[in-house]
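In what follows, a single structure is set out as structure tokens and then discussed.
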Amino acid sequence: MKAVGARVPRYDGVAHVTGHTQFVDDIRIPGTLWVKAFRSPVHNAGMSNLDTSRAEAMKGVHVITWEDVPLLEYGHLSALGIPADEPLLAKDEVRYLGQPIAIVAAPTEEAAMAAVDVITADFEELPALFDVRKAFDADAPQIHAEGNWYRHFENEMDRRQIRKGNVEEAFDQADLIVQGVYRPAAIEHAPIETQVCQVVPEANGRLTIYSCTQALYFSMGVVAAHLQLPLNKLKVVGGTVGGGFGGKVDTATETMCALLAQKSGKPVRWRWTREEEFLCSSTRAPWHMEIADAVTKDGWILGRKMLTLHDSGAYSRFSPYGLTKHSFHHTGAYSIPNLEFDGYVVYTNRTPTTAMRGFGVTSVSFATETHMSRIALELGIDPYELRLKNANRIGDTSPNQIVYTDPSTVPTILAIADAVGHELTPEYRAMTPGQRTGDLLPEHLVGQLADPEAH
Amino acid sequence: MNLTVNGVETTVESGALTSLLDVLREELGITSPKAGCEAGGCGACTVLVDGEPRRSCLTPVAAVDGAAITTVEGLGSPENMAPIQQAFTHHYAAQCGFCTSGMMMAAQAYIDRGGSDDHEEIQEALGGHVCRCTGYVKIIDAVAATVRGESFDATVTAAGTAMTNLGGVA
């Protein structure tokens with residue numbers, strides 16, 4: 001326990017302040033080619049007549065398209081048995097602005113840009129959808145052949161569903177139904193280091209991949225799958241990330257650079273421009289959340305119905321995982337015994353969305369905490385007391401039936417009240433994670449929440 | 001063209017309109033200035049040109065022919081760090097480290113021109129520098145500490161044991 005309470009120097013601190021930290025873009029390997037992408041100029045279109053011949057005729061230029069990818073479609077969660085829906089490079093459709101179509105490597109950055117400039121394709125534009133709520137509608141234009149809903153949760157369910165207790169009974173018993181709709185927007189991670197990768201074909205037949213990835217083994221698996229190579233042909237070097245925040249969990253550059261290194265036989269380096277980072281890299285998802293709570297006049301939440309739409313952008317990537325986490329947390333830090341939750345991963349023509357700091361949970365925390373305040377406002381009761389009353393306690397269960405053994409909601413809210421000087425009545429001040437004030441518990445919640453006498 | 005980079009006279013082969021950033025990083029192999037946006041917006045490429053902070057990504061090398069360029073490598077080495085470098089490590093002002101070089105060069109210029117430890121003035125001086133990790137508080141603390149002449153031994157913690165690698169803390 002030497003580190004607890006001590007000022008432990010960062011192991012990389014001195015290197016950071018002396019210019020000795022080697023980020024991926026700082027690696028210098030002679031003969032390295034620059035990489036640039038030919039990307040979709042439209043949000044949604046059928047694509048035909050992709051022509052890279054003029055680029056390929058340029059001196060020292062190498063080009064890859066979908067035809068060069070041994071396994072074109074492989075999903076970020078395919079290793080978990082989740083079907084792939086995204087081609088590494090667009091084949092005959094593009095579904096978001098900036099989707100990669102052809103990738104070039106050339107001796108200089110300028111030559112790579114010139115090669116991209118002479119690649120052409122025809123695009124037949126289709127209506128594009130940017131609002132997850134509109135994309136959810138049954139009569140919305142269909143972005144994927146199987147529709148706008150991701151349909152591959154367990155047992156091929158088209159939604160993440162949670163049922164707990166008897167929600168209809170809870171709504172019958174309620175004094176009031178409190179409803180709210182919450183729609184946090186997309187956020188770009190905007191790391192100061194843009195996506196960057198260097199791949200070196202080694203004499204022993206291996207590829208060495210220097211990557212800014214936050215998820216090295218994910219990236220390794222994704223590259224190996226697309227290239228149809230055993231893992232022992234790849235050496236992935238990572239660990240130095242110039243800001244990620246979740247945006248470098250996706251395998252954005254490594255696979256395409258690996259293919260170009262194979263094809264050219266030369267080291268290649270791809271550093272996204274700031275414009276690419278903003279336009280083409282993944283973002284935190286926009287969400288659409290509708291909450292209806294059955295509440296009593298004195299502030300007990302008897303039941304919750306919730307609809308969540310998770311905007312995955314054009315492809316699902318990690319979204320089913322994010323929505324699953326979201327669903328487990330949809331009561332926030334509170335115990336609500338009767339639940340009906342339906343969550344959907346919905347495709348739009350936005351850039352595919354991904355992890356960002358608290359993937360799936362920050363959205364639901366925003367919604368549930370705002371909703372708690374809304375309930376308090378509608379009932380005219382103290383928002384701290386409403387939260388303390390409904391706070392999860394030892395022995396309560398989460399939406400997915402995990403028993404809470406050490407919930408921290410009560411001490412956290414008490415500490416916040418102290419910090420901001422909010423006065424609480426002695427009854428609430430005396431609350432603990434174990435104790436639920438029995439006198440207040442309405443009869444229809446007895447047996448549904450943890451026994452107040454149990455602790 | 002010629003540059004004096006961190007005290008060393010250097011001949012530059014790159015074209016006249018090549019950015020100073022590319023000359024430093026790609027031709028001379030000095031990689032502490034970073035290509036964060038290459039549009040003058042983030043500050044990660046900042047170096048000192050004759051003592052003044054400049055966005056090297058927007059500076060054609062021909063415009064600084066004959067100038068003295070200072071980068072983080074010229075402030076101090078791991079064995080002999082400058083006060084601003086010590087303060088950045090001590091205050092955990094570098095998290096991912098990517099904006100750190102530009103941030104420190106702007107801070108050094110501010111200190112060199114007699115800036116105070118007033119937090120608002122430091123904010124003003126670092127205003128064009130984007131850090132996505134720290135929230136800036138620790139960076140401003142580090143600059144203020146340097147202005148006040150505080151110095152730190154970056155290898156010794158409050159626990160009294162030299163620990164240079166978290167892996168050693170068991």
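The values are calculated or read from the model by the stated rules, or taken from the named source; none is laboratory data. Computed from a predicted model, the values in this text were never measured in an experiment. Heads up, the Cβs are rebuilt from the backbone with ideal geometry, glycines too, and the neighbour counts pull from every protein chain shown.
The table below lists the values:
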{"read-out": "Scan of segment A:27-38 for residues that are of a type outside the set (S, T, N, Q) and surrounded by fewer than 20 Cβ atoms within 10 Å (Cβ to Cβ), ordered by number", "value": "A:Ile27, A:Arg28, A:Ile29, A:Pro30, A:Gly31, A:Trp34"}
{"read-out": "Matching residues, segment B:5-44, being surrounded by fewer than 15 Cβ atoms within 10 Å (Cβ to Cβ) and away from every other protein chain (no Cβ under 12 Å)", "value": "B:Gly7, B:Val8, B:Glu9, B:Thr11, B:Glu13, B:Ala16"}
{"read-out": "Any chance B:Thr71 is under 23 Å from B:Val147 (Cα atoms) and facing chain A (nearest Cβ under 7 Å)", "value": "yes"}
{"read-out": "Qualifying positions in segment A:265-276 - in contact (Cβ under 8 Å) with a residue 60 or more places away in the chain and out of contact with any Pro (no Cβ under 8 Å at 6 or more places or on another chain)", "value": "A:Val268, A:Arg269, A:Trp270, A:Arg271, A:Trp272, A:Thr273, A:Arg274, A:Glu276"}
{"read-out": "Test: residue in segment A:247-256 that is of a type in the set (A, V, I, L, M, F, W, C), part of a helix (DSSP H, G or I) and either within 30 Å of B:Cys131 (Cα to Cα) or touching a strand residue (DSSP E or B) at 6+ places or on another chain (Cβ under 6 Å) (or both)", "value": "yes"}
{"read-out": "Verdict on A:Thr348 being at pLDDT 95 or above, out of contact with any Pro (no Cβ under 8 Å at 6 or more places or on another chain), farther than 21 Å from A:Val167 by Cα and among the β-branched types (Val, Ile, Thr)", "value": "yes"}
{"read-out": "Inter-residue pairs, beta-carbon under 8 Å, first surrounded by 11 or more Cβ atoms within 10 Å (Cβ to Cβ) and in segment A:401-419, second modelled with pLDDT of 95 or more and among the acidic types (Asp, Glu), 6+ apart", "value": "A:Ala417/A:Glu423"}
{"read-out": "Hits in segment A:289-309 (condition: crowded, with 23+ Cβ neighbours inside 10 Å and more than 17 Å from A:Glu378 (Cα to Cα))", "value": "A:Met289, A:Met306, A:Thr308, A:Leu309"}
{"read-out": "Subset of segment B:75-93 (residues that are free of Cβ contacts under 8 Å to residues at least 12 places away in the same chain and facing chain A (nearest Cβ under 8 Å))", "value": "B:Gly76, B:Ser77, B:Pro78"}
{"read-out": "B:Ser19 hydroxyl-bearing (Ser, Thr, Tyr), in contact (Cβ under 8 Å) with a residue 40 or more places away in the chain and touching a Pro at 6+ places or on another chain (Cβ under 8 Å)", "value": "yes"}
{"read-out": "All positions within segment A:191-212 that are in contact (Cβ under 8 Å) with a residue 24 or more places away in the chain and part of a loop (DSSP other than H, G, I, E, B)", "value": "A:Pro191, A:Ile192, A:Glu193, A:Thr194, A:Gln195, A:Glu202, A:Gly205, A:Arg206, A:Cys212"}
{"read-out": "Residue list for segment A:180-196, restricted to those being out of contact with any Ser or Thr (no Cβ under 8 Å at 6 or more places or on another chain) and either among the polar types (S, T, N, Q) or within 14 Å of chain B (Cβ to nearest Cβ) (or both)", "value": "A:Ala190, A:Pro191, A:Ile192, A:Glu193"}
{"read-out": "Subset of segment B:94-105 (residues that are out of contact with any Ser or Thr (no Cβ under 7 Å at 6 or more places or on another chain) and facing chain A (nearest Cβ under 8 Å))", "value": "B:Cys96, B:Phe98, B:Cys99, B:Thr100, B:Met104"}
{"read-out": "Residues satisfying the stated conditions in segment B:45-54, i.e. free of Cβ contacts under 8 Å to residues at least 40 places away in the same chain and within 13 Å of another protein chain (Cβ to nearest Cβ)", "value": "none"}
{"read-out": "Members of segment A:387-431 found to be among the polar types (S, T, N, Q), farther than 22 Å from A:His329 by Cα and either in a helix (DSSP H, G or I) or at pLDDT 95 or above (or both), listed by number", "value": "none"}
{"read-out": "Test: B:Val137 is modelled with pLDDT under 95, within 14 Å of chain A (Cβ to nearest Cβ) and more than 19 Å from A:Gly19 (Cα to Cα)", "value": "no"}
{"read-out": "The listed residue being buried (at least 24 other Cβ atoms within 10 Å of the Cβ) and not in a helix (DSSP H, G or I), out of A:Gly343, A:Gly358, A:Gly332, A:Gly322", "value": "A:Gly343"}
{"read-out": "Number of the condition not met by B:Arg55 [criteria: (1) of a type in the set (D, E, K, R); (2) outside the structural domain of B:Asp22 (by TED's automatic domain parsing); (3) crowded, with 19+ Cβ neighbours inside 10 Å]", "value": "(2)"}
{"read-out": "Flag if A:His288 is closer than 29 Å to A:Asp139 by Cβ and modelled with pLDDT of 95 or more", "value": "yes"}
{"read-out": "Boolean, A:Thr273 is over 17 Å from A:Ala186 (Cα atoms), more than 14 Å from every other protein chain (Cβ to nearest Cβ) and hydroxyl-bearing (Ser, Thr, Tyr)", "value": "no"}
{"read-out": "Flag for A:Gly434 being at pLDDT 75 or above and closer than 22 Å to A:Thr397 by Cα", "value": "yes"}
{"read-out": "Qualifying residue in segment A:217-237 (condition: within 14 Å of chain B (Cβ to nearest Cβ), within 15 Å of A:Gln198 (Cα to Cα) and surrounded by 20 or more Cβ atoms within 10 Å (Cβ to Cβ))", "value": "no"}
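For (1) in the same structural domain as A:Arg271 (by TED's automatic domain parsing); (2) under 19 Å from A:Pro83 (Cα atoms); (3) under 23 Å from the mean Cα position of the chain (by Cα), each residue gets a yes or a no:
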position	(1), (2), (3)
A:Gly98	yes, no, yes
A:Ala102	yes, no, no
A:Glu110	yes, no, no
A:Ala115	yes, no, no
A:Asp131	no, no, yes
A:Phe136	no, no, yes
A:Gln142	no, yes, yes
A:Asn148	no, yes, yes
